[in-house]
Amino acid sequence: MPGRLTLQTRPAKHLSVPAQISYADWRLRQFSGSALHEGDDAPPERLLQTVWQHQRLRRDQLKTLDGRGVKILHPGFRNREAGPDFHGAVVQFDDDPPRTGDVEVDLRANGWTAHGHDGNPNFKNVILHVLWKGEAPAKESCATLTLEKVLDAPLGELDLWLGGDPPALPENLHGKCAAVLRELPAEKVAELLQQAALVRLQGKASWFQARARQVGWEQALWEGLFRALGYKRNVWPMQRLAELRPELSGGKKFSSLEWQARLLGGGGLLPTELEKTLAGTDVYLRRIWDLWWRERDAFQAVQLPRAVWKFNGLRPANHPERRLALAAHWLAAGNLPARLERWCVAKEKQPSVSLLEILQIENDDFWSWHWTLRSPKLKAPQPLLGAARTTDLAVNVVLPWLWSRATEGKNSEIREAIERRYFAWPAGEDNAVLKLARQRLLGSTGRRHLGGAAAQQGLLQIVRDFCDRSNSVCDSCRFPGLVGAWKI
């Protein structure tokens, strides 16, 4: 790896903050006096649930109260109805086969009986009881895990980073802030979104910094890239495969085909036995199978069960099999981190185009022509990565990783260059969350304020920091008052 990139934490010169506004200060006011003040010796249960959902843990150090090692292959899906906090978690204890079930999160062991879980049939499938701290399990039929000593950052930092777990927002109501935002000049709204975007960049960078303290900068990058390729449905199996990268490689170099065999096989995505498949896929599957079957016994203990993957509702281009094929090419090349560092310091006229050139794969004999292992051959080849997904990788992974490294090395010049790219990056694809946020916060004129990817990121950060900590009628939300006081 090339030498360290470097960065300071003061605002960049081109982002000078007027004395009358600091979005970061507003955010601190929003969080102050709330979550972490509910108890002197424990976080609020909601924050603990969010820590679990985002797995802000030293994941390689997890042990149950009875001393068994714990691997979280999937933390489960947040349950908004009655019953356990998370459904569909996949957990492996020591070298036992992975288990699928529910997870309940409580501050202390007595929460199990205090909340009536012991007599509630909805909790019969709980396989892991997650506590803040405790010395004895409350439910003998399932394992107990405490989190107090395995967080990957201090609680205060996590509270700011996580910013609450977003509930759904109604689509037919504008937020109370829409009226005051509508009265702001366009340049003021742009400034507000820019500051919120900088907070979002710093928050994403803090994840890389925390992860790099455990596994190093290069591994943190791979985990970030794999997570981004998993989208919201398959983040955790992708994360787990990234964590297994050193073990799957064994310190050796492999071709892209060999990496595809290891990633697809280790991810549990290959058929257990070869069978008749669609014409055109047989040859590829045979080649992959011939590579994997020689290795599978060595990786049987860490192989993911197919059940951890979610395929419903995915666009064909986003299927995890195809995304792992793309990652296999990056791994086989062996120089992606170094290329990103060189891209960072080069004076590129169109950095979004040059990043696409770095990340794009020109041709794959199979995956340029197929969406999945079993899909028929396409009429025309399709790229493994497009411009829209490159924008997602840039703002969520590449730029935050580089920014964090520059911060660590105290190189303000590189940090400011990264920020300039971040704020100049073209807008990404629109999505349901952005559409709803524009409707709630900016009304019918919202689209004109979102000229770039950073403005989109800023809007998402405001939603996370304020909207998601209030309800659909904006009770107790401080944001409208802060904006109103600023415009006076």
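The values are calculated or read from the model by the stated rules, or taken from the named source; none is laboratory data. Predicted model, so just to flag it, every value in this text is computed and none were measured. We place every Cβ from the backbone using ideal geometry, glycine too, and count neighbours over all the protein chains shown. To get the accessible areas, we keep the full protein, side chains included, count just its heavy atoms, and leave off ligands, DNA and RNA. Shrake-Rupley method; radii C 1.70, N 1.55, O 1.52, S 1.80 Å.
Here are the numbers for the structure shown:
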| quantity | calculated |
| --- | --- |
| Residue tally, condition hydrophobic (A, V, I, L, M, F, W, C) and in a loop (DSSP other than H, G, I, E, B), over region 287-305 | 6 |
| Region 338-357: number of residues that are open to solvent by less than 30 Å² (accessible area, probe 1.4 Å) and under 20 Å from R405 (Cα atoms) | 7 |
| Region 223-246, residues that are out of contact with any strand residue (DSSP E or B) (no Cβ under 8 Å at 6 or more places or on another chain), of a type outside the set (V, I, T), open to solvent by 10 Å² or more (accessible area, probe 1.4 Å) and part of a helix (DSSP H, G or I) | R227, A228, E243, R245, P246 |
| Members of region 49-64 found to be part of a strand (DSSP E or B) and either open to solvent by less than 50 Å² (accessible area, probe 1.4 Å) or at pLDDT below 90 (or both), listed by number | L57, T64 |
| Hey, H117 modelled with pLDDT under 85, crowded, with 20+ Cβ neighbours inside 10 Å and either under 30 Å from R27 (Cα atoms) or not aromatic (F, W, Y) (or both) or not | yes |
| Qualifying residue in region 334-349 (condition: farther than 22 Å from L198 by Cα, of a type in the set (S, T, N, Q) and part of a helix (DSSP H, G or I)) | no |
| Residues of region 121-131 that turn out to be closer than 21 Å to R46 by Cα and surrounded by fewer than 21 Cβ atoms within 10 Å (Cβ to Cβ), as a count | 3 |
| Condition met for N335 (open to solvent by 20 Å² or more (accessible area, probe 1.4 Å) and within 22 Å of the chain's Cα centre (by Cα)) | no |
| Residue, nearest to F86 (Cα to Cα), within region 100-125, restricted to residues that are hydrophobic (A, V, I, L, M, F, W, C) and outside any helix (DSSP H, G or I) | V103 |
| For N234: the one exception among (1) out of contact with any Lys or Arg (no Cβ under 7 Å at 6 or more places or on another chain); (2) of a type in the set (S, T, N, Q); (3) in contact (Cβ under 8 Å) with a residue 12 or more places away in the chain | (1) |
| Any hit, region 386-409, residues being without any contact (Cβ under 8 Å) to a residue 24 or more places away in the chain, open to solvent by 30 Å² or more (accessible area, probe 1.4 Å) and of a type in the set (K, R) | yes |
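Residues are listed down the side, and each one gets a yes or a no for (1) open to solvent by 10 Å² or more (accessible area, probe 1.4 Å); (2) out of contact with any helix residue (DSSP H, G or I) (no Cβ under 8 Å at 6 or more places or on another chain); (3) of a type in the set (G, A, S):
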residue: D66; (1), (2), (3): yes, yes, no
residue: G69; (1), (2), (3): yes, yes, yes
residue: I72; (1), (2), (3): no, no, no
residue: F86; (1), (2), (3): no, no, no
residue: V91; (1), (2), (3): no, yes, no
residue: R99; (1), (2), (3): yes, yes, no
residue: D102; (1), (2), (3): yes, no, no
